[in-house]
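The values are calculated or read from the model by the stated rules, or taken from the named source; none is laboratory data. Since this is a predicted model, take the numbers as computed values, not measurements. Using ideal geometry, Cβ is built from the backbone for each residue, glycine included, and neighbour counts are taken over all protein chains shown. Just so you know, the surface numbers come from the protein's heavy atoms only, side chains and all, with ligands and any DNA or RNA stripped out. Shrake-Rupley method; radii C 1.70, N 1.55, O 1.52, S 1.80 Å.
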Amino acid sequence: MYKISEIVQILHPNRTFITDPNSFVQHLFYDSRKIVQADNGVFFALRKSRDGHHYIKEAYDKGVRNFVLQVDEEQEQLFPDPNLIWVPDSLASMQVLAAFHRQRFSFPVIGITGSNGKTIVKERLYQLMSPEYKIYRSPKSYNSQFGVALSLWGLSEQYNLAIIEAGISEKGEMAKLESMIKPTIGLLTNVGVAHKAGFDSKEEKIYEKINLFKDVETMIFPNSYVEHIQLPYRPRKFSWGYDEGLSLEVYSLKQVDDKFTVATLFYGGRTF
């Protein structure tokens, strides 16, 4: 939990109206329909497809008393006892708060990106490693600009490993996600064709996605997607593919029936 007075110090807002500086915040809300435990939450009025400022009263009526707002309409005159924080960009402020919270924890964070398979890989890793680690993972497919912020808010000291998804649809988005997630291990699933609106080429799409791995200690990736790109950093690279000399060589993949595929692999001096 954070006191609302602490959140004010983290966000450096334009203006505040605080009636209870000791009010505790445990939950982040962005949708008035999904409010639970309202007395320990803060409502971020996001300006997305629907403007969250239109739902401030609904959130207030449900018990929320802490609000981060982007539009200053002197809302303190409408309610008797709120804590109001006005910022230039409510989504950016949510990301700042999530990044601050992420930095409190020193355990490894695996950051996963790619065009497809992020959620499947995340869930399979969780299944495989949960006997050895206490793992926190992104809920559902929360990998967007505000989905990642909500995911990171769930980090706590009860875990010793986290797996966080990151998804982008246009240039420049990954830098914001990287600044929040700060992964220690990066995992690239795959890269599909360039989106017509978001990227000029597949090479550009690859470059944008691997910006998530700017400061990772280890990068895990399919070799065919990044072999032609000069990375501006030198993490430990674990590559897999069909070429010789990779960390994990795939000799063959043979589909047995509709449910099973037999993979013949070479790693660590042996075939299995």
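Observations
- Figure note: Thr19, Thr184 ranked by solvent-accessible area, largest first, 1.4 Å probe, ligands and nucleic acids not counted: Thr19, Thr184.
- Along the chain, the longest continuous region that contains none of the GluC sites (Glu not before Pro) in a DSSP loop with at most 13 other C-beta atoms within 10 Å is 1-72.
- For region 213-225, 3J(HN,Hα) computed residue by residue from phi via the Karplus equation (6.51, -1.76, 1.60; θ = phi - 60°) reads 9, 3, 10, 6, 7, 9, 10, 10, 7, x, 4, 5, 8 Hz, glycine and proline entered as x.
- Of all DSSP beta bridges confined to region 1-79, the antiparallel ones make up roughly 35%.
- Between Leu253, Leu28, Leu11, the Gaussian network model of the chain with springs among Cα atoms under 10 angstrom shows the greatest mean-square fluctuation at Leu253.
- Seen from Ser179, the other residues with C-beta closer than 12 Å to its C-beta sum to a net charge of +1, counting Lys and Arg as +1 and Asp and Glu as -1.
- As a fraction of the 1.4 Å probe accessible area of region 1-149, surface on carbon and sulfur atoms comes out at 50 percent.
- For region 64-131, the pair-distance distribution built from all alpha carbon pairs, in bins 5 Å wide starting at 0, is 3, 12, 14, 13, 14, 12, 10, 9, 8, 4, 1 percent.
- Beta bridge orientation in the chain: antiparallel %, DSSP, nearest 5: 30 percent
- Here the Gaussian network model covers the chain, with springs between Cα atoms less than 10 Å apart; of Val262, Val121, Val96, Val262 fluctuates the most.
- Accessible area of region 113-176 divided out per residue, in Å², using a probe of 1.4 angstrom: 50 Å²
- Residue-by-residue Karplus 3J(HN,Hα) for region 160-174, coefficients 6.51, -1.76, 1.60, Hz, glycine and proline x: 10, 7, 10, 10, 10, 7, 9, x, 10, 10, 7, 5, x, 6, 5
- If you take all other residues with their beta carbon under 15 Å from the beta carbon of His101, and give Lys and Arg +1 and Asp and Glu -1, the sum is +2.
- Local electrostatic count, Arg124, Cβ distance below 12 Å [Lys/Arg +1, Asp/Glu -1]: +2
- Comparing Cα centroids, region 118-180 and region 15-71 end up 24 angstrom apart.
- Candidates per trypsin sites (Lys or Arg not before Pro) in region 100-165, loop by DSSP, up to 14 other Cβ within 10 Å: Arg104, Lys134, Lys140
- Listed residues Gln255, Val36, His54: farthest to the positive end of the dipole of the chain (Cβ charges): Gln255
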